[in-house]
Amino acid sequence: MTNTLQYLLAGLSIGSVYAMIALGFAVMWHAAKAVNFSFGTLFMLGGVLAVVFSWRGLPLLAAGLAAIVVTVAIAAAIERAFVRPFNREANAIGWMLTTIAAGVMLESATTATYGSLGHPLPSPLVEQPVRIAGAGIYPQELLLPAALIGITATLELVYRRTMLGRALRAVAFNRVAAGLVGIDADRITLIAFAIAGFVGALAGFLVAPVVQASSTMGVVVGLKGFLVAIVAGIDSTRGVVLVGVLFGVLEKFLEGYVSTAGRDAIAFTAMILALLFFPQGLFGRRLVQKV
Amino acid sequence: MRTVSDGRRRRLLSAALACAALAGFGLAGEAHAQRAEPCIGASWELTGAFAHQAQQIRYGATAAIEEINEKGGVLGQRLRLVAYDDQGEPARAVDNARRIGERDNCIAMLGGFRTPNAIALREPLHEMELPWVGTISAGTAVIEFPTNKWMFRVSMKDRWVAGFLLDRAREASKSGKVGMVYEATAWGQGGLADAERAAAERGVTLAAKETYNMGDADMSAQLIRLRDAGVDAIVLYGNDREVANLLRSMDRLGYRPAIFAAWGIGARLAELAGPLAEGVRVAGTFSWLGELPDRAKGVLARMQALFPEIRTPADLLHPSGTANAYDAVHIIAEAIRIAGRFDRGAVREAMYKVNMTGLVADYRPAFEPRPDRHDAVTPQAYRLFAYHNGQLLPVEQTPHRLAARAN
């Protein structure tokens, strides 16, 4: 029982990271029908920049805030420079290449300036694990599901109750019609990418004290987050959150009860099978287009 | 008839002259091929995840070359280090080795950190007849293969390391159950094979064997299985980042077995894992911390002068690798002196005649012409180090000599 709880807690923690990354993809897709394919890089910047700012003497929270602000600016810049110019035409796919290129450039620049090694981000919340019915977890790891719940609730609120949210939904529904009623679709898309950047950077900042912040920390997480978004149905906010958490828990149970070495192979196979039976994603809506 | 005969004779003479000329060119070419340049090539991961390890090797190798050149070089020639970046990829390492052997025509080549890269070089080095001296990559298969003529090593060997670690783990274990944890790489899997063989030689079995993927942040599942198997001492093959995560997972579970690690972990583990690293023991060949012999003090001072980023000995993140590289360059230089010329074949033969004292060991002789003695550092020179108060120290200078890890 204790072991099961241990896997569950670990799965909730890592699953929350996957869910936040997938949520970022969903937010971008809503607004632009395009994403930053190197979104894992923004996750990495959240952690790495927090370490860099802490080296500069900023206290932990201030370092995290500064890292998030800078990453949000970079996320917006990526939309402006690497997505918008390449997403003008219907069915344009240039943004795929350009966002991957932007990610490679950012990762290389980080490696060149910050180094190839991971560095710890000291936090009082990883000094002692807490015990829950015999299972151990760091308080820092409990922040991840808490942050996920907070972000999801806030996003739902924004989408449903604010002018910005309505504008985001309008652009997602029909970009041209939204423009015709006076919504600046480009600006709304820029804001959506910035929101996604905030979510990714927050996840990176929160997880950095548990792992080490390194220039490559976003590669696998970004890939798995994208996978979660696709399998859940990238237009379903609640779906990506749920599938992200479940994917993390599934991984830990596979490690615990099936095979550590085969974890990724089995988990990815399960995801592919899910996609086979639900081509729109587990929570995706069937897209009907009149032609 | 006479005229025809003269013509035929002239043609025969011309053909003979042409053949002689061609043979001369051939001989000249052969002589040229034997005459190598006074450079030592290297294919290292100068960029990439383990770039810091390559830098550790460079420190030692550069210091040795400077020292040799200050004394007039070798056979009147100044040695040069020619290092290329392989980004940790075996295919690039092969390309670099070909540049070193064919274009740069270096007399010898130094090895780097990664075992798979070294294994990838076995065939090209044999084809080019280029002596190679490993400095870190400890995989058994790097040296021990039937056709090995050209690959030597001044480093540890996993087959010997596994037995060394297993003996210490058995000493520390109260339950008598020793487990193995290894990363899912060629090096880790090779370590498992070596540890199983060492266990079989000692008539024991490993109580549990667990692996993890590179980049894994949580190893709770593996540790739970080890704990449930009653394991209280672990032989570990891993690198700094994942081992720091392993220690965090142990902390979550409240499970604190004694750890005896191969040298994938270095001085950085203390930075990454903080107090959790206390008491982890690591096999190695050399430490720059604590009281040093005069020669080592001089080498350290030279490296600090050459590389200002080495502020203290603790900045040498792979202390054994640095010392190995220093010794490896001196062994190559000594072999050239014994050979008396910059001829790769002669230098290879001279490797077996090198007798010298290095930082790491007394090399008497450095190598012997049999498969398991192309390794210069024998188990008698292996040492155990332990993390104590954030530093990786010789275990004798810590409270962790025999005791299991402090709780």
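Taking the convex hull of the alpha carbon atoms in chain A, what volume per residue do you get, in Å³?
So the per-residue Cα hull volume is 138 Å³.
Work out from phi, with θ = phi - 60° and the Karplus expression 6.51 cos²θ - 1.76 cosθ + 1.60, the ³J(HN,Hα) of each residue of the stretch B:171-186, listed in order in whole Hz, and give x for Gly and Pro.
4, 7, 6, 8, 7, x, 10, 10, x, 10, 10, 9, 6, 7, 10, 4
Which percent of the Cα-Cα distances in the stretch A:118-254 go past 18 Å?
The share of Cα pairs beyond 18 Å in the stretch A:118-254 comes to 65 percent.
Sort A:261-269, B:177-185, A:192-200 by packing, meaning the average of other beta carbons within 10 Å per residue, with the highest value first.
So the order, starting with the most tightly packed, is A:192-200, B:177-185, A:261-269.
Give me the percent relative contact order of the stretch A:116-247, please, defined on Cα pairs under 8 angstrom at least 6 residues apart.
The value is 31 percent.
Note down the nm distance, to one decimal, between modelled labels 7 Å out along Cα→Cβ at B:Glu144 and at A:Asn174.
The modelled label-to-label distance comes out at 7.4 nm.
In units of 2.2 N^0.38 Å, what is the alpha-carbon radius of gyration of the protein assembly as shown?
Here the Cα radius of gyration is 1.13 times the empirical estimate.
May I ask for the equivalent-ellipsoid semi-axes of chain B, computed as the square root of five times each C-alpha gyration tensor eigenvalue and listed largest first in whole Å?
Square roots of five times the eigenvalues give 47, 23, 18 Å.
Kirkwood Rh, the stretch B:131-213, all Cα pairs: how many Å?
For the stretch B:131-213, the Kirkwood estimate is 13.7 Å.
In the stretch B:201-250, which residues give up 40 Å² or more of accessible area once the other protein chains are added, compared with their chain alone (1.4 Å probe)?
Residues of the stretch B:201-250 that lose at least 40 Å² of accessible area once the other chains are added: B:Asn213, B:Asp218, B:Ala221, B:Ile224, B:Arg225, B:Arg241, B:Arg248.
Give me a comma-separated list of calculated 3J(HN,Hα) values for the stretch B:123-138, in order, Karplus coefficients 6.51, -1.76, 1.60 applied at θ = phi - 60°, integers in Hz, x for any Gly or Pro.
5, x, 5, 5, 5, 8, 6, 10, x, 10, 10, x, 10, 10, 2, 9
On a 0 to 90° scale, report how tilted helix A:39-55 is relative to the longest principal axis of chain A, with both axes built from alpha carbons and the result rounded to the nearest 10.
Roughly 50 degrees between the two axes.
Short version: which residues of the stretch A:1-29 lose at least 40 Å² of accessible area, all chains versus chain alone, 1.4 Å probe?
Hits at the 40 Å² cut-off: A:Asn3, A:Gln6, A:Tyr7.
Would you kindly derive the ³J(HN,Hα) couplings of the stretch B:87-103 from the backbone phi angles with the Karplus curve 6.51 cos²θ - 1.76 cosθ + 1.60 (θ = phi - 60°), listing them in order in whole Hz, with x for Gly and Pro?
These are the phi-based 3J(HN,Hα) values: 6, x, 9, x, 4, 5, 4, 5, 4, 5, 4, 5, 4, 5, x, 9, 7 Hz.
Report the label-to-label distance for B:Leu75 and B:Glu123 in nanometres (one decimal), using points 7 Å from each Cα along the Cα→Cβ vector.
3.1 nm
Kindly rank B:305-312, B:129-136 from highest to lowest mean number of other beta carbons found within 10 Å of each residue.
Listed from highest to lowest mean packing, they are B:129-136, B:305-312.
Quick one: if the Förster radius is 51 Å, what FRET efficiency do A:Arg80 and B:Arg311 give, using the C-beta to C-beta distance and rounding to 0.05?
The computed FRET efficiency comes out at 0.75.
What does the extension gain come out to for A:Thr4 and A:Ile266, with contour length at 0.36 nm per residue minus their alpha carbon separation?
92.4 nm
Strictly over 27 Å apart at the Cα level, which of A:Lys33/A:Lys224; B:Lys71/B:Lys297; B:Lys71/B:Lys353; A:Lys224/B:Lys157; B:Lys174/B:Lys209 would you flag in this model?
Too far apart for the 27 Å limit: A:Lys224/B:Lys157.
Give the residue from B:Gly358, B:Pro124, B:Trp187 lying farthest towards the positive end of the charge dipole for chain B; charges sit on Cβ (+1 for Lys and Arg, -1 for Asp and Glu) and the dipole is referred to the Cα centre.
My answer, from the dipole projection, is B:Pro124.
For chain B, with all protein chains present and a 1.4 Å probe, just round the carbon and sulfur fraction of the accessible area to a whole percent.
Carbon and sulfur atoms account for 53 percent of the accessible area of chain B.
For chain A, what does the relative contact order come out to in percent, with C-alpha contacts under 8 Å and a separation of six or more?
Relative contact order of chain A: 37 percent.
Given a Förster radius of 60 Å and the C-beta distance between B:Arg337 and B:Met214 as r, what FRET efficiency does 1/(1 + (r/R0)^6) yield to the nearest 0.05?
0.90
Between B:Glu368 and B:Ala200, with labels modelled 7 Å along Cα→Cβ, what's the label distance in nm to one decimal, could you check?
Simple spin-label model gives 2.4 nm for this pair.
Which peptide among B:362-373, A:224-235, B:386-397 comes first, and what is the full order, when sorted by highest mean count of other Cβ atoms within 10 Å?
A:224-235, B:386-397, B:362-373
Expressed in nm to one decimal, what extension gain is obtained for the pair B:Thr378 and B:Asp95 from 0.36 nm per residue of sequence separation less their Cα-Cα distance?
98.8 nm
With contacts defined as alpha carbon pairs under 8 Å and 6 or more residues apart, what's the relative contact order of chain B in percent?
18 percent
Debye sum, Cα scatterers, the stretch A:12-168, no solvent: what log₁₀ I/I(0) at q = 0.12, 0.15, 0.19, 0.20 1/Å?
Each listed q maps to, in turn, -0.65, -0.97, -1.34, -1.40.
Which value in deg cm²/dmol, rounded to the nearest 500, describes the helix-derived mean residue ellipticity at 222 nm for the protein assembly as shown, given -39,500 (n - 2.57) per DSSP H run of n ≥ 4 and division by the residue count?
-18000 deg cm²/dmol
Calculate the FRET efficiency for B:Leu393 and A:Ala73 from the Cβ-Cβ distance with a Förster distance of 45 Å, rounded to the nearest 0.05.
According to the calculation, E is roughly 0.50.
Would you please give the residues with an amide H less than 5 Å from that of B:Val280, counting only those at least 5 places away or on a separate chain, with H modeled from the backbone geometry?
Distant-sequence amide H within range of B:Val280: B:Tyr387.
How big a patch of accessible area, both sides summed and in Å² to the nearest 100, lies buried between A and B at a 1.4 Å probe?
Buried: approximately 2300 Å² between B and A.
Could you tell me what percent of the accessible area of the stretch A:1-129 is made up of carbon and sulfur, with a 1.4 Å probe and every protein chain present?
Summing carbon and sulfur atoms, their accessible area is 70 percent of the total for the stretch A:1-129.
Mind checking the full-extension length gain between A:Met105 and A:Trp55? Use 0.36 nm per residue of separation minus the Cα-Cα distance, one decimal, nm.
Separation in residues times 0.36 nm, less the Cα-Cα distance, equals 15.7 nm.
Would you pull out the residues with amide H under 5 Å of B:Ser43's amide H, same chain only if 5 or more places away, H placed 1.01 Å from N?
Amide H to amide H, under 5 Å and 5 or more residues apart or across chains, B:Ser43 pairs with B:Tyr84, B:Leu110.
Quick one: which residues, 5+ away or cross-chain, put their amide H under 5 Å from the amide H of B:Ala229? H built at 1.01 Å from N.
The list, which skips near neighbours in sequence, is empty: none.
Note the angle between two axes, namely the Cα long axis of helix B:294-306 and the longest principal axis of the Cα atoms of chain B, as a number of degrees from 0 to 90, rounded to the nearest 10.
80 degrees
The values are calculated or read from the model by the stated rules, or taken from the named source; none is laboratory data. The structure displayed is predicted, hence computed values, not measured ones. Backbone-built Cβ (ideal geometry, glycine too); neighbour counts: all protein chains shown. Side chains included, ligands, DNA and RNA excluded: accessible areas come from the protein's heavy atoms. Shrake-Rupley method; radii C 1.70, N 1.55, O 1.52, S 1.80 Å.
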